[in-house]
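Data block below; observations after.
The values are calculated or read from the model by the stated rules, or taken from the named source; none is laboratory data. Bear in mind the structure is a predicted one, so any value in this text is a computation, not a measurement. So basically every Cβ, Gly included, is an ideal-geometry build from the backbone, and we count neighbours across all protein chains shown.
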Amino acid sequence: MNDCIFCNIVSGEMPAHKVYEDDNFIAFLDIHPQTPGHAQVIPKKHYQWVWDVPNVGAYFEVVKRVALAERKAFGTEWILSRIIGDEVPHAHIWVFPSNEATGDKNDLAGNAEKLRAALSGN
């Protein structure tokens, strides 16, 4: 979909601070973060709603992986998630640390690096 911002991120037409990518899913930092490390986890293929993603179990495994990495990277046990879907018509799950997370929420490059390191086990 040419007019879908998330499809444009998947295709590389729009830049993003990517923190995770596999054959089916991608995670990147939200440009209007609630807290440091606030990520969007999306399927690469366009589906409007999370509930339409055929491999939803694999999708939630990626969300879990990002959440556990956020705990490590931002020093909090409390990770929040949100599924609404009205902001962008492409399935997405917000995953973000609580307000007790350490760091500057607007340091997208630094937060992406911390999260990538936590995801890789470093």
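Overview of values
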quantity: Residue, farthest from Cys7 (Cα to Cα), within the range 78-122, restricted to residues that are acidic (Asp, Glu) and modelled with pLDDT under 95; calculated: Glu100
quantity: Filter result (in contact with a strand residue (DSSP E or B) (Cβ under 6 Å, 6 or more places away or on another chain) and part of a loop (DSSP other than H, G, I, E, B)) within the range 1-23; calculated: Ala16, His17
quantity: Residue tally, condition in contact with a helix residue (DSSP H, G or I) (Cβ under 8 Å, 6 or more places away or on another chain) and at positive phi, over the range 3-37; calculated: 1
quantity: In the range 63-99, the residues that are among the small types (Gly, Ala, Ser) and touching a residue at least 24 places away in the same chain (Cβ under 8 Å); calculated: Ala67, Ala69, Ala73, Gly75, Gly85, Ala91, Ser98
quantity: Filtered residues of the range 52-91 (kept if assigned to a helix (DSSP H, G or I) and either of a type in the set (Lys, Arg) or over 17 Å from Ile26 (Cα atoms) (or both)); calculated: Lys64, Arg65, Arg71, Lys72, Ala73, Phe74
quantity: Within the range 100-122, tally of residues that are assigned to a loop (DSSP other than H, G, I, E, B) and of a type in the set (D, E, K, R); calculated: 4
quantity: Filter result for Ala27 (of a type in the set (A, V, I, L, M, F, W, C), in contact with a strand residue (DSSP E or B) (Cβ under 6 Å, 6 or more places away or on another chain) and part of a loop (DSSP other than H, G, I, E, B)); calculated: no
quantity: Top-ranked residue of the range 84-112 - restricted to ones that are exposed (fewer than 13 other Cβ atoms within 10 Å of the Cβ) and among the hydrophobic types (A, V, I, L, M, F, W, C), ranked as farthest from Ala39 (Cα to Cα); calculated: Ile84
quantity: Identity of the residue in the range 69-99, of a type in the set (D, E, K, R) and closer than 25 Å to Pro54 by Cβ, that ends up nearest to the chain's Cα centre (by Cα); calculated: Arg82
quantity: Given (1) assigned to a helix (DSSP H, G or I); (2) closer than 20 Å to Val10 by Cβ; (3) without any contact (Cβ under 8 Å) to a residue 60 or more places away in the chain; (4) in contact with a Gly (Cβ under 9 Å, 6 or more places away or on another chain), number of the condition Gln48 does not satisfy; calculated: (1)
